[in-house]
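*Asks:* I am attaching a structure below and will ask some questions about it afterwards.
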Amino acid sequence: MTDMIKSTKTARNRQPRQNEVFGQRGSRLRAGLYARVSTLDQQTLPMQLRAMQEYAGQRGWVVALQVDEVASGAKERPKRRELIDAAKRRQIDVIIVWRLDRWGRSVVDLVTTLQELSSVDVGFVSLSEALDLTTPSGRALAGMLWRCS
């Protein structure tokens with residue numbers, strides 16, 4: 001019994017390797033990409049997706065789900081909800097966005113959704129702000145954000 005407790009504690013406290021999020025082991029991480037523009041006439045969706053695909057490839061992650069959405073300040077973003085639900089079902093291990101304002105409608109919305117993802121051990125990366133919640137320093141920063149909110 002004591003050996004089992006020790007092995008559980010050791011596994012839980014082990015630092016994640018480069019291609020892991022929150023200490024997950026095994027196959028390559030599955031990334032979900034989220035791209036959004038406010039209006040249909042904006043032409044940045046392909047650029048956002050390309051940047052996120054390249055980043056995932058550099059990290060050795062597999063793109064498991066890719067969604068794009070046209071929504072301007074919309075209270076409901078069904079494609080974003082689809083991605084969060086996939087994370088909760090453990091179909092993806094990390095979500096990548098091009099910029100934070102593409103993901104969150106407000107600071108409260110951003111912090112709430114990041115907490116939601118963290119509670120199911122799903123990482124989050126924003127390329128433009130170099131925010132990477134799959135790393136120890138990124139998670140420390142998130143902890144400070146949550147205490148301030």
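*Asks:* Specify which of the listed residues (Arg105, Arg81, Arg89) is in contact (Cβ under 8 Å) with a residue 24 or more places away in the chain and either in contact with a Leu (Cβ under 6 Å, 6 or more places away or on another chain) or not aliphatic (A, V, I, L, M) (or both).
*Replies:* Arg105
*Asks:* If you take the residues in segment 65-80 that are basic (Lys, Arg) and over 13 Å from the mean Cα position of the chain (by Cα), which one is surrounded by the fewest Cβ atoms within 10 Å (Cβ to Cβ)?
*Replies:* Among those that are basic (Lys, Arg) and over 13 Å from the mean Cα position of the chain (by Cα), it is Lys75.
*Asks:* Then there is this: Is segment 112-124 home to any residue that is in contact with a Leu (Cβ under 8 Å, 6 or more places away or on another chain), of a type in the set (A, V, I, L, M, F, W, C) and surrounded by fewer than 19 Cβ atoms within 10 Å (Cβ to Cβ)?
*Replies:* no
*Asks:* Hey, another quick one. Which of the residues belonging to segment 64-98 are modelled with pLDDT of 90 or more and of a type in the set (Asp, Glu)?
*Replies:* Correct list: Asp68, Glu82, Asp85, Asp93.
The values are calculated or read from the model by the stated rules, or taken from the named source; none is laboratory data. Bear in mind the structure is a predicted one, so any value in this text is a computation, not a measurement. Don't worry about glycine lacking a Cβ; one is built from the backbone with ideal geometry, like all the others, and counts go over all protein chains shown.
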